[in-house]
Every structure is written in structure tokens, then in C-alpha cells.
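Note sheet for the following structure.
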Amino acid sequence: MSMNRFTVEETNLISIYIADTRRELIGEMTGALPYMDGEMRELALRTLAKLRTMSDADFAALAVSAADEV
């Protein structure tokens with residue numbers, strides 16, 4: 001998954017959605033796009049692009065948890 005590394009912000013966004021599969025996550029995040037604006041929408045679109053290019057196996061191996069604020 002070296003080409004699909006997620007930033008801390010992207011990982012935090014992913015952690016908001018409860019989804020068991022990559023496709024579910026993509027669907028949930030895509031459904032929320034109309035309610036996002038500005039930087040959040042750009043972040044979501046960038047994250048979605050990475051999710052779409054990764055395999056289901058890579059997604060299943062992803063350990064996602066929200067980062068603590070510093």
C-alpha cells in the first residue's frame with residue numbers, strides 16, 4: 001500500500017465512518033460529500049481517490065484509529 005499512504009487528517013476522516021468494507025466506506029463518505037464544504041470536501045475527495053485505488057485486502061489490513069490531538 002505504499003502508494004496509498006494516508007495522512008493523519010485522512011486517517012481521522014476514515015475513522016469517523018463505521019464501515020466494514022472499503023466499498024461501504026466509499027459509499028458512506030461519498031454520501032456525505034453534499035454536506036461538506038471547503039477544505040473538508042477537498043480532504044474527502046483526496047481520501048476517496050486513495051480508497052478507490054487500494055485493494056480490499058489492503059483496506060482490511062488497515063488499522064485505523066483517530067489520532068490524539070497534540
**Study point:** Summed residue charge, Cβ within 14 Å of Thr30's Cβ, Lys/Arg positive, Asp/Glu negative
**Key:** +4
Practice item. With a probe of 1.4 Å, find how much accessible area the chain has per residue, and write the answer as a whole number in Å². Key: 70 Å²
Check your understanding: Per-residue HN-Hα couplings for the range 9-20, Karplus 6.51 cos²θ - 1.76 cosθ + 1.60 at θ = phi - 60°, whole Hz, x for Gly and Pro?
Key -> 5, 5, 5, 4, 4, 4, 5, 5, 8, 9, 8, 8
Revision key, fill the gap. Simple SL model, points at 7 angstrom along Cα→Cβ for Tyr17 and Glu42; separation in nm is 2.0 nm
Check your understanding: Magnitude of the Cβ-charge dipole of the chain, K/R +1 and D/E -1, about the Cα centre, nearest 20 debye?
Key -> 320 debye
Practice item. Multiply the residue gap between Glu28 and Glu9 by 0.36 nm, knock off their C-alpha separation, and tell me the result in nm, one decimal place. Key: 5.1 nm
Study note, to complete from the structure: With Rg from the Cα atoms and Rh as the Kirkwood inverse mean 1/r over Cα pairs, the chain has an Rg/Rh of 0.93
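The values are calculated or read from the model by the stated rules, or taken from the named source; none is laboratory data. From a predicted model like this one, the values you see are computed outputs, not experimental measurements. Positions of Cβ are generated from backbone atoms using ideal geometry, with glycine treated the same way; all protein chains shown enter the neighbour counts. For the accessible areas, the whole protein counts, side chains as well, though only heavy atoms, and no ligand, DNA or RNA atoms are used. Shrake-Rupley method; radii C 1.70, N 1.55, O 1.52, S 1.80 Å.
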